[in-house]
1. Which whole-number value in Å² is the accessible area per residue of the chain, probe 1.4 Å?
2. For the chain, what % of the accessible area comes from carbon and sulfur atoms, probe 1.4 Å?
3. What figure, in Å² to the nearest 10, do you get for the accessible area of Asp72 with a 1.4 Å probe and non-protein molecules left out?
4. Using a 10 Å Cβ count of at most 13 others and DSSP loop calls, identify the longest part of the chain lacking such trypsin sites (Lys or Arg not before Pro).
5. Please state the Cα pair-distance histogram of region 1-57 with 5 angstrom bins from zero: what percent is in each bin?
Amino acid sequence: QAQLVESGGGLVQSGGSLRLSCAASRSSFSIYRMGWYRQAPGKQRELVATISSGGSTTYADSVKGRFTISRDSAKNMVYLQMNSLKPEDTAVYYCNAAVATMIAPWGQGTQVTVSS
């Protein structure tokens with residue numbers, strides 16, 4: 001019954017910025033490493049950033065230096081600040097646990113489209 005709801009996507013020009021938000025309905029997510037994933041048409045879903053319950057972060061090489069993942073103080077929201085966006089960032093973005101055994105049903109995601 002866990003629910004993950006992503007928002008904040010949109011259409012932006014190359015070099016622009018977006019801030020994505022993820023609302024996690026299960027308080028148990030607060031103790032798991034959480035991540036942002038993305039899936040572009042014809043490509044596999046990939047993990048782009050993670051954050052632990054203590055705030056330790058990891059990033060895929062493709063977004064390192066441009067994206068910043070964060071959590072709120074209640075540990076029920078996860079954010080992704082996306083700067084210097086490129087057309088190759090175009091994808092549907094999802095949040096979920098970044099612990100394989102704790103993956104919940106996927107939400108609807110939020111579409112990010114970056115024009116060239």
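1. On the way: 5900 Å² over 116 residues.
Accessible area per residue, the chain: 51 Å².
2. Details: 2920 of 5900 Å².
Roughly 49 percent of what the probe reaches on the chain is carbon or sulfur.
3. Only protein atoms counted, so the area is about 40 Å².
4. Details: sites that count: Lys43, Lys64.
Result for the longest clean stretch: 65-116.
5. 4, 14, 19, 26, 20, 10, 5, 1
The values are calculated or read from the model by the stated rules, or taken from the named source; none is laboratory data. Not measured: the values here are computed from a predicted model. Positions of Cβ are backbone-derived with ideal geometry, glycine not excepted, and every protein chain shown enters the neighbour counts. The accessibility values were calculated without ligands, DNA or RNA, using every heavy atom of the protein model including side chains. Shrake-Rupley method; radii C 1.70, N 1.55, O 1.52, S 1.80 Å.
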